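Down below is the structure, laid out as C-alpha cells.
The values are calculated or read from the model by the stated rules, or taken from the named source; none is laboratory data. Predicted model only: the values in this text are computed from it and were never measured. Don't worry about glycine lacking a Cβ; one is built from the backbone with ideal geometry, like all the others, and counts go over all protein chains shown. The accessibility values were calculated without ligands, DNA or RNA, using every heavy atom of the protein model including side chains. Shrake-Rupley method; radii C 1.70, N 1.55, O 1.52, S 1.80 Å.
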Amino acid sequence: MKKLTYIIAALAAVATVTVSCNKVLNEQPRTFFEPGFFQTQAGVEGGLTSLYASLRYFYGQAYYYSLNTTGTDEATYGQSGDGNFKDPDLSGVGSMNPSSCRGEVLWGSAFSNINTASGIIENAAMVGLSDALIAEAKFFRAWYYFQLVQTFGGVPLDLGSGELKFNSSPSRVSVRNTVPEVYKAIFADLEDAVAALPETPRVVGGVTKNVARLVQAKAYLTFGWWLENPNDIPTYPAADRKDLNGHDAAWYFAQSLAVCETAIANPGPYGLMDTFRDVNLAQNDRNKEILLFADHTEKSEQYNGASLGYSGGNAPDNFSGWMMNWNHGTLNIGGVGVVQREACQEIGRPWTRMAPTHEAIKVFTSQDITKDSRFEGTFTSAYYGNWEKAGIKNESVTGANGMAIAKGGRVLSFIPEVLDDIKYTKKNEKGEWIDPCANVGAGTVPGRADFVFDLNGFSRIAYPSLWKLGCYRTDYDKDKALGSPNAASTRPYNILKFSEFYLIAAEAAFKTGNNAKARENLNVLRKRAGNWTYKNSERAEYVADFGAELVAATPATITLDFILDERMRELYGEGFRWFDLARTQTWEQRAGSYTISGSNWGDHTPSTIKRTIEKYMYLRPIPQQQINGMEMDKAEKAAYQNPGYPTE
C-alpha cells in the first residue's frame, strides 16, 4: 500500500531577526529560512523571533477566533454572519466540513512554526545558543503541538526527516501519530522549557518558567481528561487510552494542581491585577497578569505586520474585536448620527458577525452584577453620544420620553432588570418607527432619556458588545477626533493569563476530589471580582469592595458547571472556549441549544435554537486543502481524515 502522504512547508513563511540584548524584539521580515541560515547565531535567533511573530497569524485572526467561540455556550452568529460564523454554529444554517471549518488557519501554519523550532533546537549547540534560548524554541514547539492535538487528535511528529527533526525540504510523506505519542513529545519539551527558562522574560513578552508552567498545567489537565474519557468520546488515530509514560489520569490531575501551586507560590514578575477591569483596560496592556500575547504596535507598519490606517480583515491583523460588535452607528435621532464609529475601546468597528447567547449573559447575571464586576469589565452595555467629534454642532438631541440628551450623554443602555414598564418601539403600517427611538427598536422607560434594551430582549442585531477586545490608539490617532476605527487593533492579543493558574488549579483539585482547594482557588478570583474602582456603564469612578460577599456566595460544594461558569466570567470572548468544552467533554451538554432573538431591528422575542453536536465533532476535520495535496487514493484519504467528515 502507498504510504500516506502529507505536505509540510519546510521553510518558515515569516522570519525575523532579534538582537538578544535588546529589551524588545527587533524584527526584520524575511521571505523564508534556507537550511544553512540556522547554522548561524543570527539565523537561530532570527528563527526564534519569528516564533513570537507567528502568534499574530492565529490570535486576533477573526475566523480562527470564531471557530473556537461560535458554537459554544458563549456565542452564536450575528445578523451579518457569513459561513465563517454560521458553519461552526452547528444550528442548521451552515455545514462544518473539511472545506469550511477554518481549521486550516491552525493546520496551515503551525507545522511551519514547529519546523522552525526544531531547526533552532538542532542547530543551537553548533552556534553556542544558550539553554534558555533553546528552551524558548521547545516551548513554542510544545505550544503548537498542544493546539494541534486538542483540535485534530493525533498529528504527525515526523515532518519528513524523522520525528521532531528539522525538515530542510518539502516532504509529501507522513503518518499521523497517536494522541499519547504527541502528548509524550509535548510533555518532554515543556519539562525542558520549565527547567531552563528564566523567571523573568529576556524581552517584553518573552516566555519564562511560569509561561511554560501554565501550558504544562493545562496540558496535564487536558491529557488527564483524555485518559479518563468520561463520555466515551472517540479519538483518532485509534489508540488505547494509556499514557506512554505509565501514569493514570489521577496522576496527571495531581501534577496539574502541583504545577499551578508552584507557579502561584513563585509568581516572579507576574500576578493578579487589583481589579478585573484593570486586566482588560487597553491603557494597561502588557500588564503583569498577561503571560503571553501576540504583540502589535502603532509605531511602525513594518513591525506591526499590517497597515495602521485600514484593514480588510486578514492575518496578521488583530481584528477579532470587530466580530462581536453590533452596528451602533445606525443610532440616529432627528437626523443626527449620535454614536459615531470611533477608535476607542467601547465603540470601535462593528461587524455584527457574532453575538452572545442569552445563556452566556445569564452566566454573568446569575451573580449580582452590581457586586461582581466581571459583566461591566467584559461588555459595553451603555453607549454615549460622540457626535461632536464628527463636527456635528448640536448641543443636544431629543431622547426617550422627549427628554434631552446632551452631547457626551448616554444614548442607549442594555439593562439587567426585566422591567414591566419598558415600552419597546414599534413600526406603523408604513414601516416607520412610531417614536424617535434611534431606528433600532429599543425601548423607553419612564424618567430615562436613554433608550433601553433589557438583557432578555437582545437579538442577533443588537446586543451588549465585547468591550475587552475593543480597539485603542494613542499616537497614531492623536490628530483625528474619531481616530482610525476601520484599522485593525494595534493592541496585543492576550493568550495566557496568570489568573488561569487559579482556574486550572480549581479544576484539577475538583478532579482529585479536593473540594476545599477547588473552592479556595476560585475564591481568589471571586474576591478580586468584587473590587471596583470604576464603572464603565457610568463612565465614572466607583470605589467599592464586595469581595467578601462574593466569596460567601460561592457554593459549598464545587461542581464542574460552576468551574466552567467561572472560566466564562473570567475569560469570556477571548477565543478559547471550545477547548474548555472539548477538554471536559461538556460541549453538547452546555451548548446543545441556545436562546436569542432574531436578526431584525425591534425583534425582542427569544427563540430556542437546537445545535447538532455529535461525538465525532470533538475533533475538527483535517482541512480539505491538506487532503487534496497528498498523493493517495480515495481510501487512503478517507483513512487520513478524522471519522465522520466527508472526503471529496
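A few remarks follow.
- Between region 295-324 and region 475-552, the C-alpha centres lie 24 angstrom from each other.
- Cα-centred dipole magnitude for region 185-271, charges only on beta-carbon of K, R (+1) and D, E (-1), debye, nearest 20: 300 debye
- Extension reserve of the residue 421-residue 635 stretch, reckoned as 0.36 nm per residue once the Cα distance is removed: 70.7 nm
- Given 371/527; 184/242; 218/511; 427/610; 497/517, the pairs whose alpha carbons are separated by over 22 Å: 427/610
- Cβ-Cβ FRET estimate between residue 169 and residue 40, R0 fixed at 22 Å, reported to 0.05: 0.70
- Accessible surface of region 100-192 [probe 1.4 Å, protein heavy atoms]: carbon and sulfur percent: 48 percent
- Rg ratio (alpha-carbon, reference 2.2 N^0.38 Å) - region 226-331: 1.65
- Qualifying trypsin sites (Lys or Arg not before Pro) in region 438-479, where qualification requires a DSSP coil assignment and no more than 10 other C-beta atoms within 10 Å, comprise 478.
- Gyration tensor verdict on region 491-567 (Cα atoms; rounded if a/c is under 1.5, prolate if a/b is larger than b/c, oblate otherwise): oblate
- Note on residue 595 and residue 368: with the Förster distance fixed at 25 Å, the Cβ-Cβ geometry gives a FRET efficiency of about 0.70.
- Separation of region 569-609 and region 253-294, taken as the distance between their Cα centroids, equals 26 angstrom.
- Here residue 480 is the anchor, and the lysines within straight C-alpha reach of less than 20 Å, apart from those fewer than 8 places off in the same chain, are 299, 389, 393, 407.
- Placed amide H near residue 534: partners under 5 Å, 5+ positions off or other chain: 542
- Projecting label points 7 angstrom from Cα along Cα→Cβ for residue 392 and residue 548 puts them 4.7 nm apart.
- Extension gain, residue 486 back to residue 238 (0.36 nm per residue minus Cα-Cα distance, nm): 84.6 nm
- The candidate values were (1) -0.33, -0.59, -0.75; (2) -0.38, -0.67, -0.84; (3) -0.70, -0.92, -0.97; the one computed from these coordinates for log10 I(q)/I(0) by the Debye sum over Cα atoms at q = 0.06, 0.08, 0.09 Å⁻¹ carries the label (1).
- Mean residue ellipticity at 222 nm, helices only, the chain: -10000 deg cm²/dmol; runs of at least 4 DSSP H residues each add -39,500 (n - 2.57), and the sum is divided by the number of residues.
- Cα shape, region 99-249, gyration tensor, a/c 1.5 rule: oblate
- Remark: region 173-323 carries a charge dipole of roughly 100 debye about the Cα centre, counting +1 on each Lys and Arg Cβ and -1 on each Asp and Glu Cβ.
- Nitroxide proxy distance, nm - points 7 Å out along Cα→Cβ at residue 475 and residue 538: 3.6 nm
- Cleavage-rule hits (trypsin sites (Lys or Arg not before Pro)) in region 290-397: DSSP loop, at most 16 neighbouring Cβ within 10 angstrom: 299, 371, 393
- Heavy-atom accessible surface of the chain, averaged per residue, reaches 36 Å², computed with a 1.4 Å probe.
- Length released on extending from residue 330 to residue 82, taking residue separation times 0.36 nm less the Cα-Cα span: 87.2 nm
- The chain: DSSP helices with Cα axial extent of at least 27 Å and average Kyte-Doolittle hydropathy no lower than 1.0: none
- Surface composition of region 451-578: carbon plus sulfur atoms contribute 51% of the solvent-accessible area (1.4 Å probe, protein chains only, all chains present).
- Taken about its Cα centre, the chain carries a charge dipole of roughly 500 debye when the Cβ of each Lys and Arg holds +1 and the Cβ of each Asp and Glu holds -1.
- Dipole of the chain, positive end: most advanced residue of 416, 640, 254 [Cβ charges, Cα centre]: 640
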